[in-house]
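The values are calculated or read from the model by the stated rules, or taken from the named source; none is laboratory data. In this text, all values refer to a predicted model and were calculated from it rather than measured experimentally. Reconstructed Cβ throughout: ideal geometry from the backbone, glycine too, with neighbour counts over all protein chains shown. Each accessible area value is taken on the protein alone, full model and side chains, heavy atoms only, with ligands, DNA and RNA left out. Shrake-Rupley method; radii C 1.70, N 1.55, O 1.52, S 1.80 Å.
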Amino acid sequence: QVQLAESGGGLVQPGGSLELSCSVSGPILQIHKMGWYRQSPGSQRDLVAIITTDDEGTDYGDSVQGRFIISRDNGGDTVHLQMSSLKPEDTAVYYCYARLTTTNFKTLNFWGQGTLVTVSS
């Protein structure tokens, strides 16, 4: 029943900007963390950015530090990833991530279906 809805992926030129958004819904008691990971063909799934919904603490992957900004709104149910100065190596499927406690008191990790970001001229 928990759903993560992603939006914002697409094609962008190198140096451009793009914003991803993810909203979580369902029988949720508390959201602890939300953010984004990414995976390109032949590579592992890497951290992009995570925000802790309680204290707004953030973690960024080394390769995106200084270029991407994660934020939250809607009481922590939605996260936004503002990506700037995009590089071809940013091309990947971006997966929304949430760590939350459901109404039956299970704390679990959830993943969106992924949205493709292609950085190409």
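Apply 1/(1 + (r/R0)^6) to the Cβ-Cβ distance of Ser85 and Trp111, taking R0 = 25 Å, and write down the FRET efficiency to the nearest 0.05.
0.40
With θ set to phi - 60°, apply the Karplus curve 6.51 cos²θ - 1.76 cosθ + 1.60 along segment 14-28 and write out the HN-Hα couplings as whole Hz, x wherever there is a Gly or Pro.
Working through the residues one at a time gives x, x, x, 10, 7, 10, 9, 9, 8, 10, 10, 9, x, x, 10 Hz.
Once you charge only the Cβ atoms, +1 for Lys and Arg and -1 for Asp and Glu, what is the size of the charge dipole of segment 62-103 about its Cα centre, to the nearest 20 debye?
Dipole magnitude for segment 62-103 comes out near 40 debye.
Report, in debye and to the nearest 20, how large the dipole of the chain comes out about its Cα centre when Lys and Arg carry +1 and Asp and Glu carry -1 on their Cβ.
260
Give the accessible surface of the chain per residue, rounded to a whole number of Å², with probe radius 1.4 Å and ligands, DNA and RNA excluded.
Accessible surface, normalised per residue, equals 52 Å².
For the chain, give me the percentage of DSSP beta bridges that are antiparallel, rounded to the nearest 5 percent.
Antiparallel bridges: around 95 percent, rounded to the nearest 5.
Just Gly76, Gly61, Gly26 to compare: in a GNM of the chain, with alpha carbon springs under 10 Å, which one fluctuates most?
Maximum fluctuation in the GNM of the chain, among the listed residues, is at Gly26.
Return the long-range amide H neighbours of Thr91 (sequence gap of 5 or more, or a different chain), with a cut-off of under 5 Å between placed amide H atoms.
HN-HN under 5 Å from Thr91: Val119.
Using θ = phi - 60° and the Karplus relation 6.51 cos²θ - 1.76 cosθ + 1.60, list the HN-Hα couplings for segment 73-81 in order, rounded to whole Hz, with x at every Gly or Pro.
7, 6, x, x, 7, 10, 10, 10, 10
Considering the zone a paramagnetic label at Thr118 would reach in this model (a point 7 Å from Cα along the Cα-to-Cβ line), which residues of segment 18-53 have amide N under 20 Å from it?
Residues passing the 20 Å test: 18-21, 38-43.
Give, as a single signed number, the net charge of other residues whose beta carbon lies under 14 Å from the beta carbon of Ser121, with Lys and Arg counted +1 and Asp and Glu -1.
Once positives and negatives cancel, what remains is -1.
What residues qualify as long-range amide H neighbours of Gly114, i.e. H under 5 Å apart, gap of 5 or more or another chain, H built at 1.01 Å from N?
For Gly114, the qualifying residues are Cys96.
Of all chymotrypsin sites (Phe, Trp or Tyr not before Pro) in segment 12-115, which ones are in loop regions per DSSP and have a Cβ with at most 13 other Cβ atoms within 10 Å?
Passing both the DSSP loop test and the Cβ count: Phe105.
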